[in-house]
Structure formats: structure tokens, C-alpha cells
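Undergrad: After the C-alpha cells below, expect a handful of questions from me.
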Amino acid sequence: MSDESPTAHRRTRAQMADQALSWARPDRSFFAAGACHILAWEFVKSSAGRNFQVMGLRRVGEPHTFHVFATDGAVALDFAGLRGRREMLTVIADAVAAERPGTTIEELELPVSLEGFCAAHRHRLPGQFTGDVQARARRYLTQILGARGA
């Protein structure tokens with residue numbers, strides 16, 4: 001199990017203001033914070049993710065997600081690869097609570113389409129990234145899934 005939270009990969013102010021700087025980050029950081037939604041949808045579109053659905057996490061009381069992943073209920077796929085869903089949620093909940101004591105997170109079912117999600121949750125559409133983010137996501141999925149394929 002990866003005990004890593006996407007909060008450890010948060011973009012700097014400079015990276016949020018400059019898409020080229022954000023794009024230049026290592027894949028792990030890029031898909032942990034800033035393009036997790038693209039990675040999740042690309043995985044679900046792949047044969048490896050066909051039994052998965054895309055879910056989001058948000059802090060209770062906030063309207064928008066801060067992390068997106070794919071899950072079949074037992075296993076989750078995000079920037080850290082495949083890991084137990086419960087374990088992933090615990091790691092992220094602990095990291096969020098450590099940053100803001102008393103803060104809790106909740107899972108959110110997301111719209112079926114990437115476009116619908118981006119509109120509802122103020123995330124970038126694929127064409128709004130500096131490069132071909134979907135191709136980058138497919139390459140990263142191949143890397144983190146290894147022989148399982150993407």
C-alpha cells in the first residue's frame with residue numbers, strides 16, 4: 001500500500017499561475033495534484049478500468065473536489081497506482097486532518113462525463129493543458145500498472 005497523499009504534491013502558487021511550470025512537474029506530482037481527474041477518466045476508459053467508476057473527494061462543507069480517483073469499490077486507482085480504497089481514503093483523510101484539525105472528507109459520485117465534471121467542479125478540460133494530457137495519462141498508467149496495462 002502507498003501511504004502517500006495527494007496533498008504532499010500540491011502545486012506551488014507559481015505552478016498554479018503558469019501552466020508550463022505545472023506541466024513540467026514529474027508525472028507522479030502532476031497526476032496527484034492538477035490532473036488527477038484526467039488520469040481517473042483515462043483509466044476508466046481503458047480495458048483495465050472498465051469495471052471502475054470515477055469518484056471525487058472533497059472536504060465536508062466544500063462544494064468542489066480536491067482529488068479524483070477511480071474505484072471498483074474495493075480497489076482505487078490514483079497517482080499512486082492501484083491500492084485498497086479504504087487504505088487510500090484513510091491516508092488522505094489523515095493528511096487533510098493533519099493540515100486542518102477537525103476537517104473530514106467525503107466521497108462524491110461524479111458525473112459520467114469528464115466534460116460534465118470539469119464544468120461542475122472547476123477543473124481543466126484536456127484541451128486546456130499545455131500538452132496532450134490524455135496521452136501523458138495513458139503513458140503514466142502503463143508505467144504505474146506495469147504488466148496489467150492501461
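The values are calculated or read from the model by the stated rules, or taken from the named source; none is laboratory data. Source: prediction; values computed, not measured. Here the Cβ is made from the backbone with ideal geometry for all residues, glycine too, and neighbour counts use every protein chain on show.
Undergrad: Give just the number: which of (1) out of contact with any helix residue (DSSP H, G or I) (no Cβ under 6 Å at 6 or more places or on another chain); (2) outside any strand (DSSP E or B); (3) modelled with pLDDT of 95 or more; (4) of a type outside the set (Lys, Arg) does GLU106 not satisfy?
TA: (2)
Undergrad: Please go through (1) part of a helix (DSSP H, G or I); (2) of a type outside the set (Asp, Glu); (3) under 15 Å from the mean Cα position of the chain (by Cα) for LEU21 and return the number of the only condition it doesn't satisfy.
TA: Tallying (1) part of a helix (DSSP H, G or I); (2) of a type outside the set (Asp, Glu); (3) under 15 Å from the mean Cα position of the chain (by Cα), LEU21 fails exactly one: (3).
Undergrad: Among the residues of the range 79-102, is any in contact with a Cys (Cβ under 9 Å, 6 or more places away or on another chain) and either surrounded by fewer than 16 Cβ atoms within 10 Å (Cβ to Cβ) or polar (S, T, N, Q) (or both)?
TA: Quick first cut of the range 79-102, residues in contact with a Cys (Cβ under 9 Å, 6 or more places away or on another chain) only: 79.
Next, only the ones that are either surrounded by fewer than 16 Cβ atoms within 10 Å (Cβ to Cβ) or polar (S, T, N, Q) (or both) stay: none.
Within the range 79-102, none of the residues are in contact with a Cys (Cβ under 9 Å, 6 or more places away or on another chain) and either surrounded by fewer than 16 Cβ atoms within 10 Å (Cβ to Cβ) or polar (S, T, N, Q) (or both).
Undergrad: A further question on this structure: Restricting the first residue to the range 37-53 and requiring it to be touching a residue at least 24 places away in the same chain (Cβ under 8 Å), which pairs with a second residue that is assigned to a helix (DSSP H, G or I) and β-branched (Val, Ile, Thr) meet a Cβ separation below 8 Å and a spacing of at least six or different chains?
TA: ILE38/VAL133; PHE52/VAL44; GLN53/VAL44
Undergrad: Determine whether the range 76-89 contains at least one residue that is without any contact (Cβ under 8 Å) to a residue 60 or more places away in the chain, among the basic types (Lys, Arg) and within 23 Å of ILE144 (Cα to Cα).
TA: Yes, that holds for at least one residue.
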